[in-house]
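Okay, structure first, notes after.
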Amino acid sequence: MEKYKLTILLICLSTFLFSQESIEVELIKKYKENFSIRTFSYSKNHYFARLSYNNQTIYLENLLNPQKRTLIFSRKNGGIKSMDFDSNEHFLATASYSGDVDIWDINNRNLLKTIKLHVDDVNKVKFVPNTTLLISVGHDGKIMLMDIKDEFCKPTLLGSHNDIIRSFDITLDGKYAVTIGNDNKVIVWNINKREKRKEIRIKANNLSSIKILDDKIVVGDIDGNILFLNLKDLSFINSIKIHDNIISSISKVSKNRILTSSYDGTLKIVEIDSNTSSSIKVKSKSYILHSTLLDSKITFSDRKGNLKIFKLLNYDTKK
């Protein structure tokens, strides 16, 4: 296992961000709940999963056949904080504040199994692409790996941080996972070898979100900065001040563009190569907790229980 450590000072290394025209949107659909909506999920083709009823019930809408009955999954738990579909759309994993991960069988419409993976909050859960392997991270600083097809469903400790792990992402080929924590470390893990590949410590305030873009890692922090690293060796590329508060989520738009959301109530699309951004003409009166862009539609949720879907009117996501 290669040992690799590096400290980066963000001050004086930031790149100035140029703002472009705002992007017009049209509201398509909205939902209102009585709790903070921290997650929702789209499958590869068919499904949209959203939360309801005290954050313990999942509504599974069929996007290709809207006339089909909405599936409803529910179990009494501490509330759901993260969820993800497997690549084949057979399973939905949901992670709770109580340390449990539920595996829902979509075809059979039932709860396949519940596994206690963490002591406290499970902050994120995600399937390794094109496998039944599932990775979770939590407040206990642990990264857990399990195969949901395993009869005994015995989890493996992939690794750990020295503090809370906020989030992680997985490369499209399923070889590596990259985690970020309150210890300000970015760590690359070799999933197949079950070992640490590289790590870097960033001298900044707490890291809050992460997204892998082909050969780059994009990391957000609680001060509204995004930091770009090379995936291969974790070398520093540049950093940009983009929001006025915590960056809550980063999602891929294209190879060189990302969508960011923030506790400042704004959404922005960032052009990485040109260091420019376009503001989405949507202003939430509360913290935006999660967002994604799919087929020219932006979906976001906030702390006041709003889940909204907007269509972009004057922006080409394929350019």
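Viscosity 1.002 mPa s, temperature 20 °C: Stokes-Einstein D of the stretch 47-119 from its Kirkwood Cα radius, in µm² per second?
172 µm²/s
State whether the stretch 94-180 is rounded, prolate or oblate according to the following rule on the C-alpha gyration tensor (a ≥ b ≥ c being the square roots of its eigenvalues): a/c under 1.5 gives rounded; otherwise a/b larger than b/c gives prolate, and the remaining case gives oblate.
It is oblate, given that a/c is not under 1.5 and a/b is not larger than b/c.
Evaluate the distance, in nm, between pseudo-label points positioned 7 Å from the Cα of Asn238 and of Lys113 along their respective Cα→Cβ axes.
4.7 nm
Show which lysines lie in cross-link reach of Lys154 when reach means a straight Cα distance below 20 angstrom and same-chain residues fewer than eight apart are skipped.
Correct list for Lys154: Lys113, Lys116, Lys124, Lys126, Lys142, Lys193.
Long-range amide H contacts for Asn184: which residues qualify at under 5 Å (H placed 1.01 Å from N, peptide plane, sequence gap of 5 or more or a different chain)?
Leu207
Between rounded, prolate and oblate, where does the stretch 130-249 land on the alpha carbon gyration tensor, with a ≥ b ≥ c its root eigenvalues, rounded for a/c under 1.5, else prolate if a/b exceeds b/c?
Here the stretch 130-249 falls in the prolate category.
Counting alpha carbon pairs within less than 8 Å and at least 6 residues apart, what relative contact order, in whole percent, applies to the chain?
That works out to 18 percent.
Counting Lys and Arg as +1 and Asp and Glu as -1, what is the net charge of the other residues whose Cβ lies under 10 Å from the Cβ of Asn62?
Surrounding charge for Asn62 is +1.
Rounded to the nearest 0.05, what FRET efficiency do Ser22 and Asn230 have when you use their Cβ-Cβ distance and R0 = 30 Å?
0.45
Enumerate the calculated ³J(HN,Hα) couplings along the stretch 61-72 in order (Karplus 6.51 cos²θ - 1.76 cosθ + 1.60, θ = phi - 60°), each rounded to whole Hz, writing x wherever the residue is Gly or Pro.
Once rounded to whole Hz, the list reads 8, 8, 6, 7, 10, x, 6, 5, 5, 5, 7, 10.
If I build a Gaussian network model for the chain, linking alpha-carbon pairs within less than 10 angstrom, which residue out of Leu133, Leu64, Leu207 has the largest mean-square fluctuation?
Checking each option, the largest mean-square fluctuation is seen for Leu64.
Tell me whether the stretch 35-178 comes out rounded, prolate or oblate; compute the Cα gyration tensor, take square roots of the eigenvalues as a ≥ b ≥ c, and use a/c under 1.5 as the rounded threshold.
Taking the square roots of the gyration eigenvalues as a ≥ b ≥ c, the stretch 35-178 is prolate.
The stretch 260-319: Rg/Rh from Cα coordinates, Kirkwood Rh?
With Rh from the inverse mean 1/r over Cα pairs, Rg/Rh is 0.96.
State the three equivalent ellipsoid semi-axes of the chain, derived from the C-alpha gyration tensor as the square roots of 5 times its eigenvalues, in descending order and whole Å.
Working from the Cα gyration tensor, I get semi-axes of 28, 26, 17 Å.
Plugging the Kirkwood radius over Cα pairs into Stokes-Einstein for the stretch 212-296, at a temperature of 37 °C and a viscosity of 0.692 mPa s, what D comes out in µm²/s?
Answer, rounded: 255 µm²/s.
Tell me the relative contact order for the stretch 167-311 as a rounded percent, counting alpha carbon contacts under 8 Å between residues six or more apart.
That works out to 12 percent.
Compute the accessible area per residue over the chain, keeping the other protein chains in place, probe 1.4 Å, unit Å².
Ligands and nucleic acids excluded, the figure is 46 Å² per residue.
Using a 1.4 Å probe over the heavy atoms of the protein chains, calculate the carbon and sulfur portion of the accessible area of the stretch 70-160 as a whole percent.
Roughly 46 percent of what the probe reaches on the stretch 70-160 is carbon or sulfur.
The values are calculated or read from the model by the stated rules, or taken from the named source; none is laboratory data. All values reported here derive from a predicted model rather than from experimental measurement. Cβ sites come from the backbone with ideal geometry, for glycine too, and all protein chains shown count toward neighbours. These accessible areas exclude ligands, DNA and RNA; they are computed on the full protein's heavy atoms, side chains included. Shrake-Rupley method; radii C 1.70, N 1.55, O 1.52, S 1.80 Å.
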